[in-house]
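The block underneath contains the structure these notes are about, expressed in structure tokens.
No lab work stands behind these numbers, since they all come straight from the coordinates. Remember, it's a predicted structure, so these values are computed and weren't measured experimentally. Because the Cβ atoms are built from the backbone with ideal geometry, glycine has one as well, and the counts that use them run over all protein chains shown.
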Amino acid sequence: MIDDHLYDFNRETRNIVEYNLATVAVVHIADLNVFYTAIKASLNNLKKKLDNLPVSKSPLEYRGYLFNEVLNKMRQNALVGMFHLWLRNLQEFLAISGDAINDKKFIMLDKGYEFILGLFQTDKNLEQYIYIIAKYGCLVNVIKHGFGKSFDKLKCNYSEFLYPPAEYDETIIINGEKIKVIGVNAPYVLEKNIKEFYEASKGFWQNIPEKLVIDFTEKTPNRVI
């Protein structure tokens, strides 16, 4: 959020910048609440639409395949959107806000979630939220980019997203023949995953320190404790 005081171009120019996180936490929590409410409504409506699809022998038409594959894709997209809402809010706040003007701050727009979370690694009351957010950051990278370093990390540390959940298994009957339907490509995202990230990102803002001081003197910004 761009507050009115940000248009005060008479702010001092210096490398040590203090941010008042308490002023934006409420706004970002409100953004998350709206986004999550919209996601739940959209996914519930999607389920109703997909459930009305007819059963057919065509592998691209039968209800089981489309229901599960489309639902997983939409859940993936919802998670990616909510994750980037959390990340972009922080990136923009750190790049634009603060009690000092300095062009070096704009480097924060290009910093990834691991660096941003690293700024708060000494805050003990954020540990549980940082772990969950980092997990979904890795998952989001895999959803967006596929195989690579993030996939290797997901496979080693968060392999639960690579095993087909029972929710995406389905057996349909065509002409008396039972056909088991999976037809969903990993990574797998469930409604509980979206809820877990929502609660973690909200908890992060609710427990964030009131003040954050960052030193932009060096090429890599450092938090001043």
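Size of the dipole of the chain about the Cα centre, Lys and Arg at +1 and Asp and Glu at -1 on the beta carbon, nothing else charged, in debye to 20? Before the final figure, lay out each step's value.
Values: 28 positive and 28 negative charges, 156 e Å.
Dipole magnitude for the chain comes out near 760 debye.
What ranking do 16-25, 120-129 get when scored by the average of other Cβ atoms within 10 Å per residue, highest first?
Numbers: 16-25: 16.7, 120-129: 14.7.
Top to bottom by mean Cβ count within 10 Å: 16-25, 120-129.
Using per-residue counts of other Cβ atoms within 10 Å, averaged over each peptide, order 80-87, 217-224 from highest down.
Working: 80-87: 18.6, 217-224: 12.1.
Taking the mean over residues of other Cβ atoms within 10 Å, the ranking is 80-87, 217-224.
Check cross-link reach from Lys40 to the lysines: straight Cα distance under 25 Å, and skip same-chain residues fewer than eight apart.
Filter leaves Lys48, Lys49, Lys73, Lys135, Lys144, Lys192, Lys195, Lys202.
Which of the aspartates and glutamates could a cross-linker bridge to Lys153, judged by Cα under 15 Å and excluding same-chain residues fewer than eight apart?
Within the straight-line limit of under 15 Å, Lys153 reaches these aspartates and glutamates: Glu114.
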